[in-house]
Structure formats: C-alpha cells, structure tokens
Amino acid sequence: MEKFTKLTSRAIPMPIKDIDTDQIIPARFLKATDKAGFGENLFRDWRFHKDGNPNTDFVLNSETYTGKILVAGDNFGCGSSREHAAWALEDYGFRVIISSFFADIFKGNALNNGLLPIQVSEATLEAILNKISENPETELVVDLEKQELSLDAIGLKESFEINEYKKMCLLNGYDDIDFLLSKKEAIEIFEKQRTN
Amino acid sequence: MKKTLFDKVWDAHVVDTVPNGPQILYIDKHLIHEVTSPQAFSELRQRNIPLFRKDQVVATADHNVPTLNQHLPITDALSKKQVEMLSKNCEEFGVELYGLGHPYQGIVHVMAPELGVTQPGMTMVCGDSHTSTHGAFGTIAFGIGTSQVAQVFASQCLLLQKPKSMRITVNGDLAPGVLPKDVILYIIAQLGTNSGTGYFVEYAGDVFENMSMEGRMTVCNMSIEMGARGGMIAPDQTTFDYVKGREFAPQDEAFDKKVAYWKTLPTDEGAEFDQEYQFDAADIAPMITFGTNPGMGIKITENVPTTEDASFEKSLRYMGFERGESLLGKPVNYIFIGSCTNARIEDFRVAASFIKGKQKADNVTALIVPGSQQVAKQIEAEGLKTVFEEAGFQLRQAGCSACLGMNEDKIPAGEYCVSTSNRNFEGRQGQGARTLLASPLVAAITAVEGKITDVATALNA
Ligand code: SF4
C-alpha cells in the first residue's frame with residue numbers, strides 16, 4: 001500500500017447523494033482477476049454515453065476541474081462491498097474523498113488501499129463545494145499527521161477523525177495482514193481454548 | 001452485565017484488543033465466490049503465505065455463471081476465465097468448491113444455509129455485502145472487501161471496531177399478501193438508506209418470531225440496504241428445526257449440546273441498545289420502489305412523493321416517473337423472481353400459488369431463477385416447475401442472474417423490471433434498466449397482469 005502523509009491538490013465536485021459502488025464501477029467490469037486498470041471504467045455509465053462517446057456534462061470530462069481530491073454528496077460508497085470501487089478511484093488518481101457521510105464497507109476498503117476518506121459536516125461540505133465551483137483552481141490541503149483539512153481561500157481549517165491504528169497504517173504504508181500475521185500465536189491459543 | 005445477542009456472539013470471538021485500536025475478531029466460516037476472491041488469492045501468493053484454515057472456507061460460483069445450459073462451457077471469455085480461476089485457486093489452496101455443475105452450487109447466501117454451514121452463534125464473512133443474510137440464524141455475518149478476504153485467508157481473523165447496536169421491533173399481525181420482503185422494504189423506506197451505518201441491527205418482535213427461516217433471511221439480507229453491516233434474529237425453535245439434520249450441521253448429541261448453547265444467545269431482558277425503533281405490523285402493506293435506491297419505496301397504492309431535491313430529481317428522471325403520480329397501471333415488460341433475497345423454495349411457492357391456472361401477460365418476459373441447485377430440484381419435486389412453465393414463465397438454472405447485470409441475464413435499457421432482488425441502483429440489472437423492487441407475490445401479479453397492480457385487488461379477483 002502507498003504511504004499517505006500530506007496532499008495539496010485541487011478538487012473535483014460531485015454533489016450527488018447516495019453514490020453507490022455500482023455507479024463507481026458497474027458489475028460488468030468486475031470480471032478482471034487482478035487489481036490494475038479499473039480507473040478506465042470509473043463512473044463508466046456517467047462518464048460515457050452508451051455509444052462510448054464521453055458525456056461532456058459529467059464532471060470528470062470537464063476541463064474546468066482536476067485534482068486528486070473528490071468532493072461528493074452524502075452517503076458515498078453505499079451498496080455493494082466490491083473493493084473494485086476503491087481500486088478504480090485510486091487507479092484513476094484520487095487519494096482523498098471528502099463527503100458528509102461514508103458507507104461502512106467502502107470506508108474500510110478505501111483505507112485498505114491508501115485512499116483517505118474524510119468526513120466533514122454538511123455545512124463544511126457545502127462551503128467546499130461552493131468554493132470549488134466558484135474558483136476551480138482553489139487548492140485544498142490534507143495533512144494526515146495533524147488530521148487537518150484546510151482550504152485557506154475560505155479560512156477553513158478543520159480537524160478530521162481517523163482511527164489511530166488506521167492512521168498509523170496509512171502513514172507507514174502498512175496493512176492489516178502484516179499485523180494479523182504477527183498475532184498468529186494468540187490466534188492459535190484462542191482456537192485451542194474456545195469451548196463453543 | 002446484561003448483553004445483547006450481538007454482544008454475546010461478538011465477545012465470544014474476540015482474540016485480542018489493540019490498545020486504542022480495533023479488536024481482532026475470529027471468523028468461524030468464510031464463504032467465497034469467483035468475483036471477489038481472485039485478488040485475495042494473489043495476495044497469498046505474492047507474500048508466499050499459506051491459507052491458514054482451509055477447512056473453514058467454502059466456495060461456490062454464482063455471480064458470473066449463465067443460467068441456461070450450465071453443462072456447456074461459458075461463452076463469455078472473461079466470465080469463463082474468472083470461474084476457472086476460482087477452480088484453480090480452490091484446488092491449489094485445498095478449498096472445498098461447489099462449482100458449476102455440482103449439486104450444491106448456488107448463490108452463496110442460499111446454499112450455505114441450506115447445507116447447514118450457517119449455524120447460530122457463529123461469525124461468518126464473505127466478500128459480498130449480502131452476507132448479512134446469515135444473521136437470520138443469530139449469526140454475526142457481514143460483507144467484507146477483498147483485502148479483508150485476504151486477511152481472513154491469512155489469519156482466520158479480521159481487525160474491526162465493534163459496531164454500535166440497534167434494535168428494530170415490529171409487533172402485531174401482518175395482513176394477507178404482506179410478505180417478509182414488504183416488511184424490510186417498509187423499514188428501509190421509513191429509516192432511510194444510511195440509518196444503519198455503523199450499527200449491527202437486531203430484529204425483534206412477534207412479526208420476526210412468527211416468520212419462517214426463509215422469511216428471516218429475506219429480512220436480514222437487506223440490512224445492508226439501510227447501511228447496517230448486518231442484521232440478526234435471535235435463534236429459537238424455528239431456527240433449530242431448520243438447522244437439524246442438514247449436511248454440515250452437528251449431529252445427535254453434538255447437536256443437542258449446541259442447542260443448549262444457542263438457547264443462551266438471545267438478548268437479555270433489559271439489555272441496552274444504542275438505538276431503538278418500533279413499528280406496528282398493521283401499518284405495513286405490499287411495497288414497491290420507485291427510485292434508484294432501496295429506501296425509495298412506497299406502498300403500491302401510494303403516490304410517488306413530491307420531494308424537492310436534486311438527487312431525488314435525478315433518480316426520477318432515470319426511472320421515468322413524475323412526482324406525485326401513482327404507479328398503478330404502469331405497464332411492465334420484465335419480471336425477475338430470484339436473487340439471494342427471494343430465491344428460496346418458499347418464495348417460489350408463494351409465486352406459484354398465485355400463478356397456478358393463470359397465464360403471464362403477452363408483453364411480459366418472466367424469469368424464475370432458483371437460488372441453488374437444491375432449490376431447483378425442489379421446485380421440480382413439488383410440481384412448481386409445471387405451474388411456471390404452463391403459465392409461460394422461464395425457469396432457469398441457479399445463479400445470481402439478472403440481479404446484477406454481470407452475467408448474460410440483463411434487462412434492456414429503458415425497460416421496467418419488477419424484481420425480487422435487493423438493489424434498484426442505476427444500471428444494476430443492465431445499462432439503463434429500471435428496477436422496481438418488490439416481493440415475489442407482487443412480481444407474480446405483475447407478470448400476470450402485465451402492469452403494476454394492487455395486491456388486494458389481484459388476490460380478490
Ligand atoms: S443475488 Fe445479487 S445481491 Fe445476492 S449475491 Fe448475487 S449479485 Fe449479490
């Protein structure tokens with residue numbers, strides 16, 4: 001997993017609620033047996049018309065917005081547990097997703113792939129969205145060490161929450177398997193001692 | 001301390017707690033399928049580590065399999081490769097596979113309970129969000145991502161924060177024609193699609209106590225559609241009777257010993273939940289969804305709400321519906337009875353009992369897809385096959401089928417499909433397809449009438 005420490009980037013607004021993982025990566029693209037290349041089909045059916053031509057109304061096809069941060073509406077990543085959604089976002093080039101709410105499984109999948117989900121209040125989300133649509137060149141700064149999100153242009157400096165263990169993993173690029181493997185002995189003892 | 005059902009099962013599986021961090025939870029059973037496992041097997045290979053407890057893993061092929069001519073090679077090259085990869089991986093790592101052609105093959109959440117793999121008091125996971133289905137047995141069961149599939153392969157454990165607890169109580173009697181699917185669609189419509197995020201739900205009250213195991217599975221299956229990781233129902237005599245005698249269930253004395261333990265699992269009187277909701281069974285009626293998430297549901301006889309909101313608007317535009325209109329009488333050309341929500345024998349019995357002696361409407365293509373090979377066999381043994389075929393319905397072979405637009409079974413763009421599955425997201429059943437979620441009875445009625453019809457009217461006709 002790639003390390004994450006600090007990121008300064010422009011952001012892409014997607015003020016749609018309940019974006020489910022079927023939209024992030026439709027099921028017909030889940031046939032691959034490795035992790036690479038999913039970015040190509042990220043938001044496939046919103047990004048492209050049925051005939052394969054890009055939908056110019058969709059924000060990822062706009063020349064106005066760019067960046068490694070996606071700012072999305074409430075309840076991002078709901079639905080299917082497919083980790084392919086996190087792979088697709090990461091493969092496309094995103095490192096941070098900001099929303100007022102994340103679905104559980106998606107959040108875990110993102111963190112396991114070096115993609116940082118940042119939950120902010122509805123009001124903050126709106127303020128960020130307003131600012132980036134007003135000036136698409138606005139940059140946001142994400143500092144994981146300090147757990148801080150800032151947007152100087154509007155005087156925003158907010159701390160965000162992240163589980164301490166997950167933070168340590170992201171900062172160092174560690175993952176859960178390494179940790180669990182180091183606990184083998186305790187796991188074997190548990191197996192021997194259980195009665196039910 | 002007074003404990004909930006969830007606390008009891010969770011606490012019995014905690015191996016260790018990381019200071020200021022997650023807990024290490026031991027997983028009893030790990031179900032896998034072709035779509036979310038290949039990258040996890042690769043992870044083991046890359047790190048050169050073995051599969052830690054292969055006997056606790058059960059595999060099947062379901063998402064990507066055709067539902068016609070399963071004896072022939074799969075025609076889609078990528079699907080074929082994925083299904084073959086599962087066989088190869090299972091062979092290499094020594095995992096029991098109920099693949100295509102095996103008499104136990106089926107949708108993972110249908111085949112595991114019917115084989116007795118699922119038992120009360122267990123922890124179970126699968127790289128599939130509808131793993132919540134198994135909670136019907138008083139099991140902690142939830143969906144995981146592929147990185148976590150690899151973690152369980154490597155250690156039989158997961159690193160998790162203990163979720164908060166919620167209890168949803170529904171008391172009273174359900175009216176005729178109101179099925180378990182309506183109960184859960186009603187609950188999600190009331191609470192919304194993210195009300196359960198961060199929680200594990202327990203369903204309590206006489207409505208669930210009086211439900212069959214099939215019905216309980218339908219309810220727990222859709223817990224994820226309100227954002228909850230899982231849902232549970234306390235094990236009782238209905239549960240024990242269902243598990244008893246199944247292939248992988250404990251037998252004889254071992255079974256009695258287990259039952260004695262299972263009886264200790266229900267929530268203690270006075271145990272506290274972080275969140276509680278109560279509903280009255282009398283308020284629940286046959287439901288249908290009109291939008292593009294499972295929370296956008298109404299009673300069939302109600303009108304589409306008049307919410308003013310950009311996302312709501314986008315959703316209605318996709319579905320081709322107007323604010324405030326009634327869905328009754330809308331023509332529907334496809335119906336699908338299947339998926340891990342409603343592809344068990346009871347679901348087909350309900351559908352067949354309505355269809356018997358009737359014909360599907362000319363405009364309708366009606367797909368009946370059993371959840372497993374065993375369900376398919378039973379459909380035949382009980383004579384339901386004849387009922388479906390005489391009425392003009394297509395009876396297919398076991399798999400996820402038109403639930404997800406991944407295999408060959410898809411709904412064409414722009415068409416409406418009344419579906420017994422669990423998700424009505426944009427494009428879920430095929431690019432541009434418009435899904436209306438409902439019970440197997442509503443799907444059967446729609447097929448016969450060719451349009452959306454009130455259940456009471458249809459039953460009294
Ligand atoms: S039937 Fe549908 S929801 Fe269930 S496991 Fe298959 S694809 Fe997923």
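Each value in this text was obtained by applying a stated rule to the coordinates, not by laboratory testing. All figures in this text were calculated on a predicted structure; none of them were measured in a lab. Backbone-built Cβ (ideal geometry, glycine too); neighbour counts: all protein chains shown.
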Return the single residue from A:ASP178, A:ASP45, A:ASP143 with maximal mean-square fluctuation; model: Gaussian network over chain A, springs between Cα atoms under 10 Å.
-> A:ASP178
Residues of type aspartates and glutamates that B:LYS181 reaches as a straight line, Cα spacing below 18 Å, ignoring anything fewer than 8 places off in the same chain = B:ASP173, B:GLU202, B:ASP206, B:GLU209, B:GLU214, B:GLU225, B:ASP280, B:ASP283, B:GLU302, B:GLU346, B:ASP347, B:ASP454
Counting helices only, and only those DSSP H runs with n ≥ 4, report the 222 nm mean residue ellipticity of chain B as the sum of -39,500 (n - 2.57) divided by its residues, in deg cm²/dmol to the nearest 500.
-> -9000 deg cm²/dmol
About the Cα centre of chain B, what is the dipole size in debye to 20, counting +1 per Lys and Arg Cβ and -1 per Asp and Glu Cβ, all else neutral?
-> 780 debye
FRET efficiency for A:GLU122 and B:GLN278, Cβ-Cβ distance as r, R0 = 30 Å, nearest 0.05?
-> 0.60
Gyration tensor (alpha-carbon) shape descriptor, the protein assembly as shown, a/c threshold 1.5 | rounded
Rounded to whole angstrom, the alpha-carbon centroid of the range A:122-196 lies from that of the range B:200-266 at a distance of 36 Å
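Based on the Cβ-Cβ distance of A:LYS146 and A:ASN61, what FRET efficiency does E = 1/(1 + (r/R0)^6) give at R0 = 22 Å, to the nearest 0.05? Could you put the intermediate results ahead of the total?
On the way: r = 34 Å, r/R0 = 1.56.
It comes to 0.05.
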Please work out the C-alpha center-to-center distance from the range A:1-47 to the range B:309-377 and express it in whole Å.
-> 30 Å
In this structure, among A:LYS17/B:LYS330; A:LYS157/B:LYS314; A:LYS107/B:LYS410; B:LYS2/B:LYS263; A:LYS192/B:LYS258, pairs with alpha-carbon gaps over 24 Å are A:LYS17/B:LYS330; A:LYS157/B:LYS314; A:LYS107/B:LYS410
Whole-Hz ³J(HN,Hα) from phi, Karplus 6.51 cos²θ - 1.76 cosθ + 1.60, for the range B:413-418, glycine and proline x = 4, x, 7, 8, 9, 7
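So what's the projected area for the range A:1-158, the Cα convex hull averaged over all directions, in nm²?
Numbers: hull surface 35.5 nm².
Average of the hull's projected areas for the range A:1-158 equals 8.9 nm².
So, with +1 on the Cβ of K and R and -1 on the Cβ of D and E, and no other charges, what is the size of the charge dipole of the range B:345-392 about its Cα centre, to the nearest 20 debye?
Numbers: 6 positive and 7 negative charges, 11 e Å.
Using Cβ point charges on Lys, Arg, Asp and Glu, the range B:345-392 gives about 60 debye.
Please report, in debye to the nearest 20, how large the charge dipole of the range B:287-460 is about its Cα centre when each Lys and Arg carries +1 at its beta carbon and each Asp and Glu carries -1 there. Numbers along the way, then the final one.
Values: 18 positive and 19 negative charges, 47 e Å.
Charge dipole, the range B:287-460, about its Cα centre: 220 debye, nearest 20.
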Which value, in Å³ per residue, describes the convex hull spanned by the Cα atoms of the range B:287-460?
-> 95 Å³
Most positive-pole-ward Cα, A:SER133, B:PHE52, B:VAL207, against dipole of the protein assembly as shown from beta carbon charges | B:PHE52
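So what's chain B giving for Rg/Rh, alpha carbon basis, Kirkwood Rh from the mean inverse pair distance? Display every interim value, and only then the final one.
Working: Rg = 21.3 Å, Rh = 22.4 Å.
Looking at chain B, the ratio lands at 0.95.
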Straight distance only, please: which lysines reach the Cα of B:LYS385 with their own Cα at less than 21 Å, same-chain residues fewer than 8 apart left out?
-> B:LYS356, B:LYS358, B:LYS360, B:LYS377
Hey, for a label at B:ALA175 modelled as a point 7 Å past Cα toward Cβ, could you say which residues of the range B:297-334 have their backbone N under 15 Å away?
-> B:298-303
Answer with one residue from B:GLY116, B:LEU316, B:GLY138: the one whose Cα lies farthest towards the positive end of the charge dipole of the protein assembly as shown, charges on Cβ with Lys, Arg +1 and Asp, Glu -1.
-> B:GLY116
